[in-house]
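Peer 1: Sharing a structure with you now.
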């Protein structure tokens with residue numbers, strides 16, 4: 001599974017989100033590749049799922065086929081893990 005953490009420039013907040021996603025992936029015992037990137041790169045990417053902010057949600061929605069989950073607090077493992085579990089429940 002390929003997971004993308006997306007922010008405006010692909011450097012700061014997406015790196016924080018990536019680290020939280022990696023913790024969630026480990027806790028759930030999943031095999032997944034987690035990458036961080038910017039909005040432009042995410043639009044052309046082949047990811048299974050994308051996590052980003054509410055502010056970037058609309059910009060990404062029309063330009064990717066991947067499901068997108070908005071995250072409010074990038075360092076909140078409970079929120080990120082719940083979003084990841086929500087995605088996984090759609091794959092069953």
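Peer 1: Name every residue in region 9-42 that is more than 13 Å from the chain's Cα centre (by Cα) and either surrounded by 13 or more Cβ atoms within 10 Å (Cβ to Cβ) or at negative phi (or both), in order of residue number. Quick ask: steps written out before the conclusion?
Peer 2: If we filter region 9-42 for residues that are more than 13 Å from the chain's Cα centre (by Cα), which is where we start, we get 9, 11-12, 26-31, 40-41.
Within region 9-42, 9, 11, 12, 26, 27, 28, 30, 31, 40, 41 meet the criteria.
Peer 1: Now, a different point. If you take the residues of region 1-50 that are out of contact with any strand residue (DSSP E or B) (no Cβ under 9 Å at 6 or more places or on another chain) and over 20 Å from residue 77 (Cβ atoms), which of them is modelled with the lowest pLDDT?
Peer 2: Per the criteria, the residue is 44.
Peer 1: Considering only region 57-73, state which residues are more than 19 Å from residue 13 (Cβ to Cβ) and out of contact with any strand residue (DSSP E or B) (no Cβ under 8 Å at 6 or more places or on another chain).
Peer 2: Passing the criteria: 62, 63, 65.
The values are calculated or read from the model by the stated rules, or taken from the named source; none is laboratory data. Values in this document were obtained by computation on a predicted structure and should not be read as measured data. Neighbour counts are summed over all protein chains in view; Cβ atoms, including those assigned to glycine, are modelled from backbone coordinates with ideal geometry.
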